[in-house]
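Data block below; observations after.
The values are calculated or read from the model by the stated rules, or taken from the named source; none is laboratory data. Fair warning: this is a prediction, and the values are worked out from it, not measured in the lab. Every residue, glycine among them, receives a Cβ derived from its backbone with ideal geometry; neighbour counts consider all protein chains shown. Accessible surface areas use protein heavy atoms only, side chains included; no ligands, DNA or RNA. Shrake-Rupley method; radii C 1.70, N 1.55, O 1.52, S 1.80 Å.
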Amino acid sequence: MPEQLTPLPAAFAEFSPLRLEEPLARWTTLRVGGPAEWFFEPRRPEDLAALLTALHKAQIPFRLLGGGANVLAPDAGVRGAVIHTGALRRIFLEGTALRCWPGATIQQTVRAAAGNGLHGLELLMGVPGHIGGALAMNAGSADFGIWDVVEEVTVWEPEGPWKARARADFDPQYRNGNLGQAVSLEILLRLEKSTKVEVKITQEALLRKKNQTQPVTLFSAGCAFKNPLGESAGRLLDQAGMKGVSVGRASVSTLHANFVVTEPGATSADVLTLLEKMASAVLEYAGITLERELVVW
Ligand code: EPU
């Protein structure tokens, strides 16, 4: 168990619901990870901002958790606060744009786009996670990231009043939203008018491809490593003979070599050791150092 930070200042009583020692394995798609000392689920963006300000002022460490689709939480758990965006799920239609709260799931947003005949999010079909997490990671496909369709983001920042900022104020990179200490409170996605049928046809074709090439029915956190420039980490790992290699209850998918999949009983340590083996195998095979996409807490 992590050492307890005691006591939680009384002022935090207003930020319910609050759970103590909440197992992170329940909230991450790899299904591993020990307890979060304090686990908050704010219900409105203004509550999230107030909570962040209070934690910052009290110098309590905090982490944001969306769909847990790219996070490896340690077996010993984490000290301080974890703020889960699961209750911040609203999406508003504004002409050809969608205004999303950070806990809207990527799939809820993709469906809202299709339902309103809006084109631009198809490449996120089948991607797990929340929009806030997608922004932090610049989630997408090999050559598309959600930041390609962001128009404006309202962010909380430690020292400033929270405000809407234009896309040009940010510098997202491949699989890295580069948000620094900023936390997104509301995201405006600019899409293009199409038809419901066309958007649906494209989405379904992409989903079929994903189902054929990725282990979508197993517990995983998506691609574990970023693609090196002009290369595919999956192909390199495959050529290095990593498919099916396992450590404890974690193994490299036999379908796509850049996916680590877990079985019940897996630990964060199993996953970490396997990640090290994968990176070493590619270094030895191709002389290429893979960079982790998976965020290790
Ligand atoms: N390949 C192999 N063996 C494998 C896996 C892939 O030979 O085990 C080959 C494929 O046959 C293909 C090439 O490598 O020729 C690229 O594979 P794929 O089309 O599956 O794409 P990827 O580069 O491995 C990227 C993203 C995925 C995204 C897919 C589809 C990264 C790190 N990965 O994968 O994103 O779903 O494109 O758009 O950018 C993620 O980031 O978590 C993720 C899953």
Debye, to nearest 20: dipole size of the range 10-84, +1 on Lys, Arg Cβ, -1 on Asp, Glu Cβ:
120 debye
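Keeping every protein chain present and rolling a 1.4 Å probe, give me the accessible area per residue for the chain in Å².
Solvent-accessible surface per residue comes out at 47 Å².
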Whole Å is fine, so just give me how far the alpha carbon centre of the range 277-297 lies from that of the range 188-212.
32 Å
Protection proxy ranking of 181-190, 268-277 - average other beta-carbon atoms within 10 Å, highest first
181-190, 268-277
Need the full-extension length gain, THR202 to HIS56, defined as separation in residues times 0.36 nm minus the C-alpha distance. One decimal, nm.
48.2 nm
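In Å, what Kirkwood hydrodynamic radius results for the range 151-287 from the alpha-carbon pair distances? If you can, show how the numbers build up before the last one.
Values: mean 1/r = 0.0555 Å⁻¹.
Hydrodynamic radius (Kirkwood, Cα only) of the range 151-287 equals 18.0 Å.
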Within the chain, what whole-number % of the accessible surface is contributed by carbon and sulfur, with the 1.4 Å probe and all protein chains included in the calculation?
52 percent
Overall Cα dimensions of the range 215-296, principal axis frame, Å, largest first:
35, 23, 22
Going out from 0 in 10 Å bins, what whole percent of all Cα-Cα distances in the range 91-197 drops into each bin?
16, 52, 27, 4, 0
At 0.36 nm per residue, and after removing the present C-alpha to C-alpha distance, how many nm does the segment from THR195 to GLU159 gain when stretched out fully?
8.6 nm
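To check you understand DSSP bridge types, tell me what percent of the beta bridges within the chain (both residues inside) are antiparallel, rounded to 5.
Values: 38 of 48 bridges.
Taking every DSSP beta bridge within the chain, about 80 percent pair in antiparallel fashion.
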Can you tell me the FRET efficiency between VAL295 and GLN212 if r is taken as the Cβ-Cβ distance and R0 is 35 Å, rounded to the nearest 0.05?
0.80
Using a simple charge model, +1 on the beta-carbon of Lys and Arg, -1 on the beta-carbon of Asp and Glu, nothing else, what dipole does the chain show about its Cα centre, in debye to the nearest 20?
680 debye
Modelling each spin label as a point 7 Å along the Cα-to-Cβ direction, I'd like the TYR174/THR273 distance in nm, to one decimal.
3.2 nm
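Whole number please: convex hull volume per residue, Cα atoms of the range 10-84, in Å³. Could the numbers behind the result be given before it?
Details: hull volume 6.2 nm³, N = 75.
Cα convex hull per residue, to the nearest whole number: 83 Å³.
By Kyte-Doolittle mean hydropathy of at least -0.5 and Cα axial length of at least 15 Å, which whole DSSP H helices of the chain are selected?
Working: long enough: 45-57 (18 Å, 0.32); 196-213 (26 Å, -0.93); 268-286 (27 Å, 0.77).
Length and hydropathy pass: 45-57, 268-286.
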Placing +1 on each Lys and Arg Cβ and -1 on each Asp and Glu Cβ in the chain, then taking the dipole about the Cα centre, the residue among TYR174, PHE15, GLY140 whose Cα reaches farthest towards the positive end is GLY140
Around ALA36, which amide H atoms from residues at least 5 apart in sequence, or from another chain, sit under 5 Å from its own amide H, with H modelled in the peptide plane?
GLU22, LEU24, VAL78
Label-to-label distance, nm, for residues given as GLU151 and ARG90 (7 Å Cα→Cβ offset)
1.9 nm
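Which shape class, rounded, prolate or oblate, goes with the chain when its Cα gyration tensor gives a ≥ b ≥ c as root eigenvalues, a/c under 1.5 marks rounded, and past that a/b bigger than b/c marks prolate?
It comes out oblate by the Cα gyration axes.
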Mean-square fluctuation check for the chain, GNM, Cα pairs under 10 Å: which of ARG165, ARG99, ARG175 is largest?
ARG165
Over what distance in Å are the Cα centres of the range 73-109 and the range 124-147 separated?
12 Å
